[in-house]
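Q: Sharing a structure below in structure tokens format, with a few things to ask.
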Amino acid sequence: MRALLSHVPGGPDTLRLEEVADPKAGPGELLVRVRAAAINYPDVLIIEDRYQLKPPRPFAPGGEIAGEVEAVGEGVEGWSIGDRVIAVTGFGGLAEKVVIPARSAFRLPEERSFEEGAALLLTYATSIHALLDRGKLQAGQTLLVLGT
């Protein structure tokens, strides 16, 4: 499989697309074929070694994914091959496949695209937190968005 790997600290220009071995689902895990991955500010920080999470190199950034279950690890219940899933991975999402703990997976409804699912848990939740919890945005107020 292919993965976009960080071998040294630095910006996006330091990432390299490489062939790596397919991961395997272990006990309590799901193997997910990644169909979409969100890129968030923590992804920039993590490849620059400026984030609290510092995975061993080489690693693929990409902390938020959507995809399809390709294998179900021992002891996992409620998931089947082909199920649509979303998850916050922390890192590893910029790869064709990723292994995640089954307990951290959420179902992606059929009416939602993989792209929408990949941006839901971290990206959307951060926006809601900023607007409602921190910004105290109220019904009837106007919000100006200068960039996305």
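The values are calculated or read from the model by the stated rules, or taken from the named source; none is laboratory data. These figures come from a predicted structure and were not determined experimentally. So basically every Cβ, Gly included, is an ideal-geometry build from the backbone, and we count neighbours across all protein chains shown. Heads up: the accessible areas ignore ligands, DNA and RNA and are worked out on the full protein's heavy atoms, side chains in. Shrake-Rupley method; radii C 1.70, N 1.55, O 1.52, S 1.80 Å.
Q: Just to verify a result, which residue in region 69-82, among those that are in contact with an Asp or Glu (Cβ under 8 Å, 6 or more places away or on another chain) and open to solvent by less than 40 Å² (accessible area, probe 1.4 Å), is nearest to Ala36 (Cα to Cα)? Break it down into steps so the answer makes sense when it comes.
A: We begin by selecting, within region 69-82, every residue in contact with an Asp or Glu (Cβ under 8 Å, 6 or more places away or on another chain); these are 69, 73, 76, 81-82.
From what is left, the residues that are open to solvent by less than 40 Å² (accessible area, probe 1.4 Å) are 69, 73, 76.
Details: Val69: 13, Gly73: 22, Val76: 23 Å.
The selected residue is Val69.
Q: Among all residue pairs at least 6 apart or on different chains, which show Cβ distances below 8 Å where the first residue, located in region 133-144, is without any contact (Cβ under 8 Å) to a residue 12 or more places away in the chain and the second is of a type outside the set (Lys, Arg)?
A: Leu137/Leu131; Leu137/Leu143
Condition check ((1) open to solvent by less than 50 Å² (accessible area, probe 1.4 Å); (2) out of contact with any helix residue (DSSP H, G or I) (no Cβ under 9 Å at 6 or more places or on another chain); (3) closer than 22 Å to Val85 by Cα; (4) basic (Lys, Arg)) across all residues:
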position	(1), (2), (3), (4)
Val32	yes, yes, yes, no
Ala37	yes, no, yes, no
Leu45	yes, yes, no, no
Pro55	yes, no, no, no
Gly62	yes, no, yes, no
Gly67	yes, no, yes, no
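Q: Does Phe91 count as in contact with a Phe, Trp or Tyr (Cβ under 9 Å, 6 or more places away or on another chain) and either more than 20 Å from Leu30 (Cβ to Cβ) or open to solvent by 50 Å² or more (accessible area, probe 1.4 Å) (or both)? Please lay out each step first, then the result.
A: Details: in contact with a Phe, Trp or Tyr (Cβ under 9 Å, 6 or more places away or on another chain): yes; either more than 20 Å from Leu30 (Cβ to Cβ) or open to solvent by 50 Å² or more (accessible area, probe 1.4 Å) (or both): yes.
In short, yes.
Q: Using beta carbons and a limit of 7 Å, which pairs, at least six apart or on different chains, have the first residue in region 93-113 and within 24 Å of Leu17 (Cβ to Cβ) and the second one acidic (Asp, Glu) and at pLDDT 95 or above?
A: Once the first residue is within 24 Å of Leu17 (Cβ to Cβ) and sits in region 93-113, its partners that are acidic (Asp, Glu) and at pLDDT 95 or above give Gly93/Glu64; Lys97/Asp22; Lys97/Glu70; Val99/Glu29; Ile100/Glu29.
Q: Condition first: out of contact with any helix residue (DSSP H, G or I) (no Cβ under 8 Å at 6 or more places or on another chain), hydrophobic (A, V, I, L, M, F, W, C) and at pLDDT 90 or above. Now tell me which residues in region 108-148 satisfy that.
A: Matches in region 108-148: Phe114, Ala118, Ala119, Leu120, Leu121, Ala139.
Q: Turning to a different aspect of this structure: Among the numbered conditions (1) in a loop (DSSP other than H, G, I, E, B); (2) open to solvent by less than 30 Å² (accessible area, probe 1.4 Å), tell me where Val8 comes up short.
A: Going through (1) in a loop (DSSP other than H, G, I, E, B); (2) open to solvent by less than 30 Å² (accessible area, probe 1.4 Å) one by one, Val8 breaks only (2).
Q: Let me spell it out: the conditions are (1) open to solvent by 90 Å² or more (accessible area, probe 1.4 Å); (2) in a loop (DSSP other than H, G, I, E, B); (3) without any contact (Cβ under 8 Å) to a residue 40 or more places away in the chain, and Tyr124 meets all of them except one. Which number is the exception?
A: (2)
Q: Only one of (1) under 27 Å from Pro12 (Cβ atoms); (2) open to solvent by 20 Å² or more (accessible area, probe 1.4 Å) fails for Arg107. Which number is that?
A: Answer for Arg107: the failing condition is (1).
Q: Going through region 35-83 one residue at a time, which ones are in a loop (DSSP other than H, G, I, E, B), within 10 Å of the chain's Cα centre (by Cα) and either free of Cβ contacts under 8 Å to residues at least 12 places away in the same chain or on the phi < 0 side of the Ramachandran plot (or both)?
A: First, pick out the residues of region 35-83 that are in a loop (DSSP other than H, G, I, E, B): 39-40, 48-58, 60-63, 73-83.
Now restrict to residues that are within 10 Å of the chain's Cα centre (by Cα): 39-40, 61-63.
Hits for region 35-83 are Ile39, Asn40, Pro61, Gly63.
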